[in-house]
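**Q** Please see the structure below; I have some questions.
The values are calculated or read from the model by the stated rules, or taken from the named source; none is laboratory data. Every value quoted in this text rests on a predicted model; they were computed, and no experiment measured them. Please note: Cβ atoms are built from the backbone with ideal geometry, for glycine as well, and neighbour counts cover all protein chains shown. Calculation scope for accessible area: heavy atoms of the full protein, side chains included, ligands and nucleic acids excluded. Shrake-Rupley method; radii C 1.70, N 1.55, O 1.52, S 1.80 Å.
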Amino acid sequence: MQIQKAFFVVAVVILVAGTASADLKIVKMEHTDGFSAMGRNTPPTDDEQVSWIGADRMRMDQGDQSTIIRLDTQKLMVLHHDDKTYNTLDLPIDLTQFMPPGMADQMMAMMTFDVTVTPTDETKTVGTWKTRRYDVTMTSKMATSTMTMWVTKDAKFNQEAFYSMYEHLNSINPGLADMAKEMRKVEGLVVEQDSVTTMTIMGNVTIKRTEKATSIEDLAPPAGIYDPPADYTEKPFDFIGAMQRQ
């Protein structure tokens, strides 16, 4: 029932990279409306997302999971704070090696998204940031999602340096690997986003979500933030388990 999160996580840290002297820390609040599907009621949720973006590395924290990307070592790590374990994947990621025979083609047919980004001339101020509106549509056999993104250029970023990390972040979700190409149209940092997703695979259940940045700062990252904690145990990556947790 949590598979819809795969659509939203990709926009959390779009097109931002740290400066040479400090990394960029982004804090966002995310609200998801409650919904009912397949006889189960899911209550509304409110979560904090914290992202750290460096020149060749990034970390995203939400709930009981963190994702770290290191271009210097060509690794992606997923930390599970509930049981103090982590998974390590080599970049670039080939998910087919973690799937049962025949599963990859079937899953890609269901989950591959057509993505369209449309810049507009509409502007507004979000907090202290001047923003421009972008409209995004994502369509697959499984779901359709529409997003309104408010994007600022007030935060400094190295767009090209970030694209590689963004592509790797997407590659862990089947069907989203090519999304970064279309997202190159988004120039800046997404500081506010409204999205509506219709899950056709669940009988056209509608899920509404909002995200809004509360702070954007250039800061020296805490020591060790781009590494697994010393007391965490590495375990093999479980693709099916990962999809169920999303």
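**Q** Along each principal axis of its Cα atoms, how long is the range 75-226 end to end? Whole angstroms, biggest number first, please.
**A** Between the extreme Cα coordinates on each principal axis of the range 75-226 lie 50, 44, 30 Å.
**Q** On to the next question. List the residues of the range 73-104 whose backbone N lies under 13 Å from a point placed 7 Å from the Cα of Asp231 along the Cα-to-Cβ direction.
**A** Under 13 Å, as judged by backbone N against the label point of Asp231, lie 82-85 of the range 73-104.
**Q** Here is a follow-up. By how many nm would the segment from Lys141 to Thr45 lengthen if fully extended, with 0.36 nm per residue of separation less the alpha-carbon distance?
**A** Values: separation 96, 0.36 × 96 = 34.56 nm, distance 2.63 nm.
In short, 31.9 nm is gained.
**Q** Here is a further query. Given labels modelled 7 Å from the Cα in the Cβ direction, how far is it in nm from Lys84 to Lys156?
**A** Taking the simple label geometry, Lys84 and Lys156 are separated by 4.0 nm.
**Q** If you stretched the chain out fully between Asp94 and Glu122, how much longer would it get, using 0.36 nm times the residue separation minus the C-alpha to C-alpha distance? Write down the numbers at each step before the final one.
**A** On the way: separation 28, 0.36 × 28 = 10.08 nm, distance 3.92 nm.
In short, 6.2 nm is gained.
**Q** Now for a different question. Given R₀ = 30 Å, FRET efficiency for Ile201-Ser164 by Cβ-Cβ distance, to 0.05? Intermediate values should be presented prior to the final figure.
**A** On the way: r = 31 Å, r/R0 = 1.04.
In this case the efficiency is close to 0.45.
**Q** What list of ³J(HN,Hα) couplings, whole Hz, do you get for the range 67-75 from phi and the Karplus terms 6.51, -1.76, 1.60, once you set θ to phi - 60° and write x for glycine and proline?
**A** 10, 10, 10, 10, 6, 5, 10, 6, 10
**Q** OK, next. ³J(HN,Hα) across the range 211-218 via Karplus (A = 6.51, B = -1.76, C = 1.60, θ = phi - 60°), whole Hz, x for Gly/Pro?
**A** Couplings: 9, 8, 6, 9, 7, 9, 9, 8 Hz.
**Q** Count charges around Asp231 for me, please; just the other residues with Cβ under 15 Å from its Cβ, Lys/Arg as +1, Asp/Glu as -1. Write out the running numbers ahead of the final one.
**A** On the way: positive: Lys84, Lys235; negative: Asp82, Asp83, Asp227, Glu234.
Result for the local shell: -2.
**Q** Hey, what does the equivalent ellipsoid look like for the range 35-82, semi-axes from the Cα gyration tensor as sqrt of 5 times each eigenvalue, largest first, whole Å? If you can, show how the numbers build up before the last one.
**A** Values: eigenvalues 187, 28, 17 Å².
Each semi-axis is √(5λ); the values are 31, 12, 9 Å.
**Q** Round to a whole number: what % of the accessible area of the range 37-158 belongs to carbon and sulfur, probe 1.4 Å?
**A** Percent of accessible area from carbon and sulfur atoms in the range 37-158: 49.
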